[in-house]
Amino acid sequence: MPIAYGQPVADKPGLQENPYQEFSLGAIKPAGWLEEMLVRQKEGLSGNLDRLYPLVMGPTNGWLGGDGDQWERGPYWIDGLLPLAYILDDAELIAKVKPWIEWTLASQKENGYFGPDTDYENTIVGIQRNNCGDWWPKMVMLKVMQQYYSATGDKRVIDFMTKYFQYQLKTLPVYPLDHWTFWARYRGGDNLMSVYWLYNITGDDFLLDLGEIIYSQTFPFTQIFTSHNWWHTGSMHCVNLAHGMKTPLIYYQRHPEQKYVDAAKQGLKDINTFISGPHGVIIGDEALHGNNPTQGSELCTAVEMMFSLEKMLEITGDVQWAGHLEKVAYNVLPTQIKDDFSARQYYQQVNQVAITCEGRNFVSPHEDTDIVFGELSGYPCCTSNLHQGWPKFTRHLWFATADNGIASLIYAPSEVTAQVGNDITVKIAEKTDYPFEEKIDFNLSFPSKKDKKAFFPFHLRIPAWCNNPVITINGEAVSIAAHSGEIVRINREWKDGDHIQLELPMRISTSNWYDDAVVIERGPLLYSLKMDEKWERKVDQRPESSHKGEWYYEVTSTSAWNYSLIRKYLKEEELEKNFVVRKAENIAPYPWNLENAPITIKTKGRILPSWNMFKGSAGPVNFFMQANEPMGDEETIELIPYGCTTLRITEFPVR
């Protein structure tokens, strides 16, 4: 059972019991490089957005009672700041969160409505002052309230959400989800998730009726995912799809029919086949835009995909969602945010050889600032929404299990305190340099002076890419079936001081993407061409606009980038010989950059003189070609983890 404040378990009549449940916010603490990541986040944009972005996050914000921004950006920030604050147990950050919580609770009217209630004319550039009645921003604030309750047990949240859902039950038939904007219709799964969360606490039957209304008004992802050609260019906003991909499985909790599971799996299969890159993120700039490695993928898409995948894993226990979550988190997220969390990209490219203010082949260009690093470059939604990525990821490293045990399903350095078995408290410290290293150590202790042992199951995920995992307990090998793409369940009496080691051997592999381009992978990481980087901070001289900061960074390189890999070296049986892995002796506290990359792979490549720049990006090339063409001599090239790069080639032509 999850610890503290009666964190809900889906065991009320009317909803299925999920195999995994999240722990109370704060039960899981980061360690190692992950702790460093969250501290940098606190010291950068996440902890200081009220000071750095006062136009929107200052006291005039509508979610603080002001006449400024009335829509999604304030709730977005708090949706990430709140879990960051309570995971770090940081009093300063908690103090920043509290006014938003208190104002929101106090804003509730007698009929149950909450939030800003007055539209203003949009006379101020850079803020959104209308559509205050829209259902969508309230969905974000409902997620904030769930997390606040989980961290504090404040019972006002339960009454608050009950009243609001009674208001929705009466109002949605008259003013449906898409009455104000289309965003709420595509993101109704988030609303439904909050309804089911509350139902598992109160058991109020009206919530199940409300769930049916919300699902009926939400974009029909279940039907769409089982149709054909839904993914065509321009058919949907990329972030709407990142939200919506979990909707079939959210609804599945009420109607546990296989068709909803099948729809979610088919949806991800089509995403991977038609509108994603090897990094796992939906490509859309902003509309869906195929899978060319120079098209953009939005930062909001990455963090919303991560949250969707976390919920999908919790509901089904299917390790497919866990593997995809690690791919997004460990490749995309580190590279799209500056190391000190002072700036971010709106879009990133899989093949990204220059970051400049220059027109590119994007559906929605924003004065050509889309891939430069800045506070507000591209569009400001990502400045507000990026903060949820790492804190929510941290919260979902560990799960309580339906069989009164504990599960480590996503791997990162961390520590969890939980109740297991017959409500005995255990603390498990996970020490690892994963995803760079193959060994993961778990050290168990029992804080109670009375209870120094407990019988409970310990669940471990074996990634689909790992063929020969090794599990030892106190130095002795465990004789248990451990197959790739499955969860191992070790059921035994655990004692204070027990040590588990999970070794996940990582081997070089290849995958094929756009036009049969080749990508090099090892474990959960992609490997990209190492390029030198020149960062140049520039003053933004353009006229005032809604997507303009005072400055931005361009990043350029003097390195050659137009390499092909060599076909004869890509034979599966010879990959380990032709792609030589070098590991750093010591991994830096912050390994996610060019200087500190812990892993380097050396191989051979050839320059393709005909592959040139086009509109600021790596230009068109035949990724797969058998005809002869001019090429340079074989030379050694270095690959490093995608997440450690800023400039890179990841999808390579083959010759």
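For residue 163, only one of the following conditions fails: (1) out of contact with any Cys (no Cβ under 7 Å at 6 or more places or on another chain); (2) under 24 Å from residue 300 (Cα atoms); (3) touching a residue at least 24 places away in the same chain (Cβ under 8 Å). What is its number?
Tallying (1) out of contact with any Cys (no Cβ under 7 Å at 6 or more places or on another chain); (2) under 24 Å from residue 300 (Cα atoms); (3) touching a residue at least 24 places away in the same chain (Cβ under 8 Å), residue 163 fails exactly one: (2).
Just to check your reading of the model, which residue among 157, 97, 144, 140 is of a type in the set (Val, Ile, Thr), touching a helix residue (DSSP H, G or I) at 6+ places or on another chain (Cβ under 6 Å) and over 20 Å from residue 56 (Cα atoms)?
Criteria check complete, one pass: 157.
For the condition open to solvent by less than 10 Å² (accessible area, probe 1.4 Å), farther than 29 Å from residue 43 by Cα, in a helix (DSSP H, G or I) and modelled with pLDDT of 95 or more, what is the one hit in 313, 309, 333, 325?
Sole residue among the options that is open to solvent by less than 10 Å² (accessible area, probe 1.4 Å), farther than 29 Å from residue 43 by Cα, in a helix (DSSP H, G or I) and modelled with pLDDT of 95 or more: 313.
Could you grab me the full set of residues in region 272-290 that are open to solvent by less than 10 Å² (accessible area, probe 1.4 Å) and assigned to a loop (DSSP other than H, G, I, E, B)?
275, 277, 278, 279, 280, 281, 283, 285
Could you tell me whether any residue of region 356-365 is at negative phi, surrounded by fewer than 24 Cβ atoms within 10 Å (Cβ to Cβ) and of a type in the set (D, E, K, R)?
yes
Within region 562-570, is there a residue that is open to solvent by 60 Å² or more (accessible area, probe 1.4 Å), at pLDDT 95 or above, over 25 Å from residue 344 (Cβ atoms) and not in a helix (DSSP H, G or I)?
Among the residues of region 562-570, not one is open to solvent by 60 Å² or more (accessible area, probe 1.4 Å), at pLDDT 95 or above, over 25 Å from residue 344 (Cβ atoms) and not in a helix (DSSP H, G or I), which makes the answer no.
So which residues in region 85-105 are among the charged types (D, E, K, R) and either surrounded by fewer than 16 Cβ atoms within 10 Å (Cβ to Cβ) or more than 19 Å from residue 40 (Cβ to Cβ) (or both)?
Within region 85-105, 89, 92, 98, 102 meet the criteria.
Kindly indicate whether residue 293 is touching a helix residue (DSSP H, G or I) at 6+ places or on another chain (Cβ under 8 Å), open to solvent by less than 20 Å² (accessible area, probe 1.4 Å), at pLDDT 95 or above and assigned to a loop (DSSP other than H, G, I, E, B).
Spelling it out, residue 293 is indeed touching a helix residue (DSSP H, G or I) at 6+ places or on another chain (Cβ under 8 Å), open to solvent by less than 20 Å² (accessible area, probe 1.4 Å), at pLDDT 95 or above and assigned to a loop (DSSP other than H, G, I, E, B).
Looking at (1) more than 23 Å from residue 536 (Cα to Cα); (2) at pLDDT 95 or above, find the lone condition where residue 554 falls short.
For residue 554, the failing item is (1).
Assuming residue 75 fulfils every condition listed in (1) closer than 14 Å to residue 137 by Cα; (2) outside any helix (DSSP H, G or I) apart from one, which condition is it?
Answer for residue 75: the failing condition is (2).
For region 453-464, which positions are in a loop (DSSP other than H, G, I, E, B) and buried (at least 18 other Cβ atoms within 10 Å of the Cβ)?
Passing the criteria: only 463.
If you check residue 108 against the conditions, is it touching a Gly at 6+ places or on another chain (Cβ under 9 Å), at pLDDT 95 or above, outside any helix (DSSP H, G or I) and under 18 Å from residue 195 (Cα atoms)?
When the stated conditions are applied, residue 108 passes them.
Which of (1) in contact with a helix residue (DSSP H, G or I) (Cβ under 7 Å, 6 or more places away or on another chain); (2) open to solvent by less than 10 Å² (accessible area, probe 1.4 Å); (3) more than 23 Å from residue 437 (Cβ to Cβ) is the odd one out, the single condition residue 371 does not satisfy?
(1)
Can you go through 233, 181 and tell me which one is assigned to a loop (DSSP other than H, G, I, E, B), among the hydroxyl-bearing types (Ser, Thr, Tyr) and under 24 Å from the mean Cα position of the chain (by Cα)?
After applying the criteria, what remains is 233.
What residue, of 264, 242, is touching a residue at least 60 places away in the same chain (Cβ under 8 Å), assigned to a helix (DSSP H, G or I), open to solvent by less than 20 Å² (accessible area, probe 1.4 Å) and at negative phi?
242
Based on what the data block shows, is residue 195 in contact (Cβ under 8 Å) with a residue 60 or more places away in the chain and either part of a loop (DSSP other than H, G, I, E, B) or open to solvent by less than 20 Å² (accessible area, probe 1.4 Å) (or both)?
no
So which residues in region 574-601 are basic (Lys, Arg) and farther than 21 Å from residue 434 by Cα, if there are any at all?
577, the sole residue that qualifies.
Could you please find all residues in region 354-371 being more than 18 Å from residue 649 (Cβ to Cβ) and among the β-branched types (Val, Ile, Thr)?
Those that are more than 18 Å from residue 649 (Cβ to Cβ) and among the β-branched types (Val, Ile, Thr): 363, 369.
Residues being open to solvent by less than 10 Å² (accessible area, probe 1.4 Å), more than 24 Å from the chain's Cα centre (by Cα) and hydrophobic (A, V, I, L, M, F, W, C): count how many of those fall in region 210-230.
Adding up the residues that qualify gives 2.
Conditions first: (1) within 30 Å of residue 428 (Cβ to Cβ); (2) out of contact with any strand residue (DSSP E or B) (no Cβ under 7 Å at 6 or more places or on another chain). Residue 136 passes all but one, so which condition is the exception?
(1)
Any idea which of 603, 646, 636 is polar (S, T, N, Q) and either touching a Gly at 6+ places or on another chain (Cβ under 6 Å) or assigned to a loop (DSSP other than H, G, I, E, B) (or both)?
Going through 603, 646, 636 in turn, the sole match is 646.
Conditions (1) within 27 Å of residue 74 (Cβ to Cβ); (2) part of a loop (DSSP other than H, G, I, E, B); (3) more than 23 Å from the chain's Cα centre (by Cα), marked per residue:
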{"position": "339", "(1), (2), (3)": "yes, yes, no"}
{"position": "342", "(1), (2), (3)": "yes, yes, no"}
{"position": "358", "(1), (2), (3)": "no, yes, yes"}
{"position": "361", "(1), (2), (3)": "no, yes, yes"}
{"position": "365", "(1), (2), (3)": "yes, yes, yes"}
{"position": "371", "(1), (2), (3)": "yes, yes, no"}
{"position": "376", "(1), (2), (3)": "yes, yes, no"}
{"position": "386", "(1), (2), (3)": "yes, no, no"}
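Test of understanding: among 472, 432, 401, 417, which residue is farther than 21 Å from residue 83 by Cα, surrounded by fewer than 21 Cβ atoms within 10 Å (Cβ to Cβ) and of a type outside the set (D, E, K, R)?
Being farther than 21 Å from residue 83 by Cα, surrounded by fewer than 21 Cβ atoms within 10 Å (Cβ to Cβ) and of a type outside the set (D, E, K, R) holds for just one of 472, 432, 401, 417, which is 472.
With the condition kept exactly as written, say whether any residue in region 23-44 is open to solvent by less than 20 Å² (accessible area, probe 1.4 Å), of a type in the set (D, E, K, R) and either over 30 Å from residue 203 (Cα atoms) or free of Cβ contacts under 8 Å to residues at least 60 places away in the same chain (or both).
No; the residues of region 23-44 include none that is open to solvent by less than 20 Å² (accessible area, probe 1.4 Å), of a type in the set (D, E, K, R) and either over 30 Å from residue 203 (Cα atoms) or free of Cβ contacts under 8 Å to residues at least 60 places away in the same chain (or both).
Quick one: which residue in 457, 447, 413, 435 is without any contact (Cβ under 8 Å) to a residue 60 or more places away in the chain, in contact with a strand residue (DSSP E or B) (Cβ under 9 Å, 6 or more places away or on another chain) and closer than 26 Å to residue 88 by Cα?
447
So which of 84, 55 ends up being of a type in the set (A, V, I, L, M) and more than 23 Å from the chain's Cα centre (by Cα)?
Step by step, each of 84, 55 is checked, and only 55 is of a type in the set (A, V, I, L, M) and more than 23 Å from the chain's Cα centre (by Cα).
Within region 606-633, restricting attention to residues that are open to solvent by 60 Å² or more (accessible area, probe 1.4 Å) and not in a loop (DSSP other than H, G, I, E, B), which residue is modelled with the lowest pLDDT?
Out of the qualifying residues, it is 624.
Going by what's in this entry, would residue 118 be described as touching an Asp or Glu at 6+ places or on another chain (Cβ under 9 Å), assigned to a loop (DSSP other than H, G, I, E, B) and surrounded by fewer than 18 Cβ atoms within 10 Å (Cβ to Cβ)?
Yes: the conditions hold for residue 118.
The values are calculated or read from the model by the stated rules, or taken from the named source; none is laboratory data. It should be emphasised that the depicted structure is a prediction, and the values quoted were computed from it without experimental measurement. No Cβ is skipped: glycine too gets one built from the backbone with ideal geometry, and neighbour counts run over all protein chains shown. SASA here: full protein model, heavy atoms, side chains in, ligands and nucleic acids out. Shrake-Rupley method; radii C 1.70, N 1.55, O 1.52, S 1.80 Å.
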